[in-house]
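This report concerns only the one structure given below.
No value in this document is a laboratory result; all are computed from the given coordinates. All figures in this text were calculated on a predicted structure; none of them were measured in a lab.
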Amino acid sequence: MTDPFSFKPNMDITKMFAEFRLPAMPDMTELAKAQQKNLEAITAANKVALEGARAVAERHMEIVQQSVAEMQDAMRSMASPGDMQEQAAKRAEMAKAAYERAVGQMQELADLIQKSSGEALSVLNKRFTEAMEEVKNLSTDKKA
């Protein structure tokens with residue numbers, strides 16, 4: 001059995017190097033353009049995500065302000081004189097309404113976050129699809 005890696009005195013080294021092929025170098029201009037498009041897509045996606053985060057923060061602040069105002073109204077109404085049974089019924093009704101509002105507001109914030117994330121991901125997916133098409137075109141250009 002012979003070792004394929006051992007030196008053979010009758011090897012034609014010049015022939016071996018002549019047959020050796022390096023992979024084709026990519027077109028540097030096209031590569032730079034593709035990287036520029038990638039950076040633009042990432043920047044656009046970050047901008048969309050940042051705008052979404054801003055919208056969520058603004059809406060969250062509105063919800064907090066609304067909740068504080070409602071809590072103040074509830075405290076005022078509980079401080080008013082009245083029948084204990086009537087007061088308990090009012091408190092139960094306020095608690096139920098507050099819970100329903102909170103659930104609705106949480107869903108609203110979740111929807112805003114999902115929409116923002118979806119838009120940012122859409123920008124990146126579009127660029128990825130374009131990049132794959134560019135790679136495909138580069139490989140077919142080299143063969144032609």
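Maximal additional length on extending the Ala131-Gln36 stretch stands at 33.1 nm, based on 0.36 nm per residue less the C-alpha distance. Phi angles across region 52-67 convert, under the Karplus curve 6.51 cos²θ - 1.76 cosθ + 1.60 with θ = phi - 60°, into 3J(HN,Hα) values of x, 5, 4, 4, 5, 5, 5, 5, 4, 5, 4, 5, 4, 4, 5, 5 Hz, Gly and Pro given as x. My understanding is that a pair violates if its Cα-Cα distance is over 18 Å; which of Lys47/Lys115; Lys47/Lys136; Lys37/Lys126 do that in this structure? Violating the 18 Å limit, Cα to Cα: Lys47/Lys136.
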